[in-house]
1. Within 9 Å, Cβ to Cβ, of Lys223, how many net charges do the neighbouring residues add up to if Lys/Arg are +1 and Asp/Glu are -1?
2. Placing +1 at every Lys and Arg Cβ and -1 at every Asp and Glu Cβ, with all other atoms neutral, what dipole size does the chain have around its Cα centre, in debye to the nearest 20?
3. Just the Kirkwood number for region 73-281, please: inverse of mean 1/r across all distinct Cα pairs, in Å, one decimal.
4. With both partners inside the chain, how many of the DSSP beta bridges are antiparallel, as a percent to the nearest 5?
5. Please sort by residue number the chymotrypsin sites (Phe, Trp or Tyr not before Pro) in region 1-102 whose DSSP state is loop and whose Cβ has at most 14 other Cβ atoms within 10 Å.
6. Take Ile264 and Ser251, extend 7 Å from each Cα along the Cα→Cβ direction, and tell me the distance between the two endpoints in nm.
7. Beyond 21 Å between alpha-carbons counts as too far, so tell me which of Lys310/Lys389; Lys304/Lys328; Lys297/Lys318 fall in that bin.
8. Based on the alpha-carbon gyration tensor of region 352-401 and its eigenvalue square roots a ≥ b ≥ c, which shape applies: rounded if a/c is under 1.5, prolate if not and a/b is larger than b/c, or oblate?
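Any read-out appearing in this document is the output of simple, stated calculations on the displayed coordinates, not a laboratory observation. Keep in mind that this is a model prediction, so the values were computed, not measured. Neighbour counts are summed over all protein chains in view; Cβ atoms, including those assigned to glycine, are modelled from backbone coordinates with ideal geometry.
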Amino acid sequence: MSKKKSTSVKMRPESLMMSHGYKPELSEGAVKCPIFQTSTFVFKTAEEGKSFFEVAYGKRNLKPKEEVGLIYSRINNPDLEILEDRLCLWDEAEDGAVFESGMAAISTTVLELLKPGDLLVHSEPIYGGSDHFFKHILLKFGIYSIGFMPNQSKAEIIEMIEATGKAKNLAMIFIESPANPTNDLIDMKMCVEIAKKYSTKDKKVITAIDNTFLGPVFSHPLKHGFDLVLYSATKYIGGHSDVIAGACVGSKELMKRVKSFRSIMGTMASPNTGWLLMRSLETLKMRMTVQAENAKKVAAWLDKHPKVEKVYYLGLLKKGDKQYNTYKTQCLSPGAMISFDVKGGEKQAFKVLNAMKLIKLAVSLGSTESLAEHPYSMTHTPVNDDLKKKMNLTEKMIRLSVGVEHYEDIIADIEQALAKI
């Protein structure tokens with residue numbers, strides 16, 4: 001007798017975003033997960049409460065088929081647990097954690113995994129908040145950091161690490177790729193190789209990436225050997241300019257530490273935030289796909305405009321460009337972030353920004369509406385001015401987050417704004 005072929009098909013993340021991890025029968029049959037707006041949860045028995053706490057604080061592992069029990073919303077909450085399960089699907093991660101902001105995700109993760117005396121190596125440029133945290137806040141904890149530029153080779157970065165005199169204390173390599181706001185790419189394979197070089201039997205050098213610009217749809221760093229992927233979930237994951245949140249995904253081993261520290265620090269997201277992000281995940285791929293298609297057309301138009309000096313956009317990379325192979329290897333799409341230099345300086349950039357009508361003059365990115373800002377004087381104010389110029393982050397740069405509006409309307413708005421200079 002011939003065996004029947006299995007008809008089960010592994011569903012894709014965009015399909016699973018509607019139902020994965022949620023049991024309607026536990027919530028009066030509601031088709032969507034309700035907001036569990038509660039601070040604490042009732043135990044059936046004292047023995048059950050004891051059992052839940054033993055698992056929560058690592059005194060024992062889960063038994064086969066046993067599920068994590070609900071205790072207190074600082075430790076766990078159904079909205080966050082279901083959301084974290086769904087976020088893991090895109091990156092094929094073992095576990096994830098959601099935080100009340102992107103900086104909460106970065107600070108909580110880094111402070112848990114590093115200790116006084118450790119060395120952190122990070123890419124440049126990097127988001128202004130991360131830049132300030134690495135270079136100023138971590139110093140208060142005795143943690144040192146150095147930055148490397150996108151065009152530096154593996155040998156040059158190793159030479160920099162050795163020159164610190166703290167090479168044996170290297171504990172983490174943290175990159176932002178594509179970089180904010182220049183869209184520079186960092187070779188993930190190179191970073192993993194450097195981390196392996198300095199790892200020992202007793203200490204693994206951790207690799208972490210801020211993947212906010214391409215989101216979980218267009219880039220999957222864990223597949224390139226990275227240990228942790230972080231997001232400002234405010235941006236594409238949230239996507240509607242109505243929620244502040246952060247996320248981190250990775251291995252069960254590392255995420256167990258991060259989540260435990262999150263409970264102590266109190267940096268977890270609220271149930272309402274979890275619910276809003278679950279709503280947004282259902283349309284994440286659709287939104288990002290439309291935004292990326294719009295950005296492709298806007299960037300091509302900007303690239304030919306006589307008042308635009310340079311366009312920073314991954315889709316304009318060509319064979320022969322230094323970062324082209326990295327782009328083809330690491331990215332599934334150029335995304336929807338564009339930076340461009342206007343001819344002139346701050347005065348001309350401000351004129352353009354002030355003249356925009358459809359496009360809103362605001363920081364943040366990744367939302368359904370198009371947003372534009374001036375990185376030099378706004379999001380990247382904390383970055384040293386000399387370093388900004390070294391990174392081509394100058395007063396003439398405008399950063400544009402392309403939304404889901406009709407691309408011709410976006411272009412028309414930029415065209416009338418550029419006419420003001």
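1. -2
2. Around 880 debye, computed over the chain.
3. It is 17.0 Å.
4. 55
5. Taking region 1-102 and a limit of 14 other Cβ atoms within 10 Å, the loop chymotrypsin sites (Phe, Trp or Tyr not before Pro) found are Tyr57.
6. Those two pseudo-labels are separated by 2.1 nm.
7. Check vs 21 Å cut-off fails for Lys304/Lys328.
8. It is prolate, given that a/c is not under 1.5 and a/b is the larger ratio.
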